[in-house]
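This report refers to the structure that appears directly beneath it.
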Amino acid sequence: MRVYLGLAAKQRDVRPEVLDRVRAAIETAFPVPPEVIRGQEWHGRGVSLFGWSNEPDDTRLPRLLHDEGRIVGVNGHLADPADVSRLPDPDVGGCFSAWIAGDGRLTAATAVNRICPVFYAETDDLHLVGSRALLVHLAARPDERIRYDVLALQTMARQGYFLSDETPYEGVRALRPSSVVEIRDGRRTITEIPMPQASAPATKREKRAAIDELAQALLATVAPLRSAGEPVNLALTGGRDTRVLGALLHAAGVPFRATTNGLDTHPDVILARRLAARLKVEHTVIAPPQTEEKDAVLVEHPLSRAWETLRTCEGMTSAYESIVGYLPYSGKATMSGQGGETLRAGSLNLLQSDLTDKALLRRIRATFIKDEGLFSAAANEHAREIARPWEAHGNRLEALDHIYLWYRVGRWQAGARAGSLRRGDPVRPYLDNRVARVALGLDQAWRLSEEVIYALIMRFAPKLKDVPIEGKPWRFADGAARRWPWEHVPPPHLPTVKTGGGWNWRTSPGEALTDVLRQQVLGSLDALEPIVDPDAVRALFADPVVKKPGTAWHLYTVSTMLTGLYPGKEPEGLGRITVSRPDPGR
């Protein structure tokens, strides 16, 4: 994992006490053991650029602070390290954000999905641009006290991530997708590069050409893995997105093995086994810890879970999410289907069965103003203000597609993936800047039909054509029948069977876990009161088992942040909590 912070003085040079403050803050803002942090600094006229990493050496290219007549830092990775000289070109491939420094000049840029974020702030005498929001905030503060933007946290409490360019920290904002912030001689400008315009192919030939372009972009993301020296580890779920990745690795000739988390009876595990067998790759299933009778699971105490989530994701991801824990940095290649909905017009469009303008507008409003009765009048008005530009968008499918990319990918996934980045630089083909730009150029309705990703599977690994899909049928083939002997129709889907194997403790938390969440949230209502209706929150927790566990976790996360859980010492002596299965007989 790499962390960057650039400072640009509005007049003259950056003061020495500010530089010292930055050096002191990194151990708080970088969620790895202090002893593994390596740092480099560059200082020029009125500009300083810091880079830190937990990589064991400086062999990964481009280097931490790459000197090519200008100083360049890359957070994430480039598909081709030689493209460092092209930055901040918006068509460069990879999952990255970039920092470029020179005398009197500091630039930072995001990719089209801002999967590697850039945060910025300013003080009376300084501009700050960094990859960690807390670091930017601490560097900007004259003291060590953290000031939270409580109203901005209303979206965290609603959805568990940010549906805005705000952060938890007062005065710190996230740079928008495909944008460049430049400070030259103390003056800051921000330039937004327009999103690709989607178009619908009119003929079969145009469809093939569009699939070819997307396939080539995907193949380019994994081509370097052929020389990895050992098999890539693919997190395989049996769903649509990881199925494409298994087919992609197969087509590219990249050796890989598959891993699936879950119980043997879970549909993900069942289908992943079939996919791995068809592709003739090793497959490992990792089951969650259970009691000896297998009638319950043992889960981490919420306070420990929240501490690690706040430390890693900086208050921009809910502790409801399972964050990848810390392990020493490894150069081994890993891969998952994160961001795959980009090829299917985004998760918000995928939730829709009704694609009328009225229904899509309802989806936009519900995304930003969820659970209105639970929140204060000020929080609801703030949410409506953020939603207005999206409600005014003329193309509802495109609006939901871009909301997914800007916020679900660019804020939620960008925050959550910090956990995995500590362990190494995972390969995420769907999050590649070039792949995302090509996908955004394809008509949303066509992507939403799922014909695009099915065509990719058929292109990369036709041998998977007869493996059923879990849950719902392929959208483009729902109800379709073969008209000619040579015509291929996808096999019937495998309906989801509700068994104990599909149970998730986070969505069925039980009484003991509910009580822990309840005590924290209700015990800190004073801190939450600016954004919630206290009586509505009490009603949320009135039942022995909370009926909206996701919301309960979001409130818990915000509550622990506002009451000072992190920065602070890691909680100790907290035992695991037993969460019983609701159907222990199965």
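The values are calculated or read from the model by the stated rules, or taken from the named source; none is laboratory data. For clarity, every value in this text was computed on a predicted model and none was experimentally measured. As a convention, Cβ positions derive from the backbone with ideal geometry for all residues, glycine included, and neighbour counts pool all protein chains shown. These area figures cover heavy atoms from the full protein model, side chains too; ligands, DNA and RNA do not enter into them. Shrake-Rupley method; radii C 1.70, N 1.55, O 1.52, S 1.80 Å.
General remarks:
- In region 367-444, counting only helices (runs of 4 or more DSSP H) that sit wholly within it, the ones holding 3 or more residues that are at pLDDT 95 or above and within 22 Å of the chain's Cα centre (by Cα) span 377-391, 396-403, 433-440.
- Scanning region 558-586 for residues that are more than 20 Å from L513 (Cβ to Cβ), modelled with pLDDT under 90 and of a type in the set (K, R) returns a single hit, R586.
- All positions within region 115-150 that are small (G, A, S), surrounded by 24 or more Cβ atoms within 10 Å (Cβ to Cβ) and either in a strand (DSSP E or B) or free of Cβ contacts under 8 Å to residues at least 24 places away in the same chain (or both): G130
- Flag if T260 is open to solvent by less than 20 Å² (accessible area, probe 1.4 Å), hydroxyl-bearing (S, T, Y), touching a residue at least 12 places away in the same chain (Cβ under 8 Å) and under 30 Å from T563 (Cβ atoms): no
- Residues of region 293-349 satisfying the condition of being in a loop (DSSP other than H, G, I, E, B), surrounded by fewer than 24 Cβ atoms within 10 Å (Cβ to Cβ) and acidic (D, E): E293, D295, E300, E321
- Cross-chain or 6+ apart pairs with Cβ under 7 Å, region 324-342 first and over 12 Å from L245 (Cα atoms) and hydroxyl-bearing (S, T, Y), then assigned to a loop (DSSP other than H, G, I, E, B) and open to solvent by 50 Å² or more (accessible area, probe 1.4 Å): Y329/P56; Y329/R423; S330/R423
- Selection of region 395-439 for residues being β-branched (V, I, T) and over 23 Å from L225 (Cα atoms) yields I403, V409.
- Hey, D268 charged (D, E, K, R) and outside any loop (DSSP other than H, G, I, E, B) or not: yes
- Filter pass, V72 being open to solvent by less than 60 Å² (accessible area, probe 1.4 Å) and either assigned to a strand (DSSP E or B) or closer than 20 Å to D185 by Cα (or both): yes
- Extreme residue, most open to solvent (accessible area, probe 1.4 Å), among residues of region 22-44 that are touching a helix residue (DSSP H, G or I) at 6+ places or on another chain (Cβ under 6 Å) and part of a helix (DSSP H, G or I): E27
- Any hit, region 464-475, residues being in a helix (DSSP H, G or I), of a type outside the set (S, T, N, Q), at pLDDT 85 or above and farther than 29 Å from L134 by Cα: yes
- Counting only helices (runs of 4 or more DSSP H) that fall entirely inside region 505-559 and contain at least 1 residues that are of a type in the set (D, E), surrounded by fewer than 16 Cβ atoms within 10 Å (Cβ to Cβ) and touching a Ser or Thr at 6+ places or on another chain (Cβ under 9 Å), the qualifying elements are 510-522.
- Residue ranges of strands (runs of 3 or more DSSP E) in region 166-256 with at least 2 members free of Cβ contacts under 8 Å to residues at least 40 places away in the same chain: 187-192
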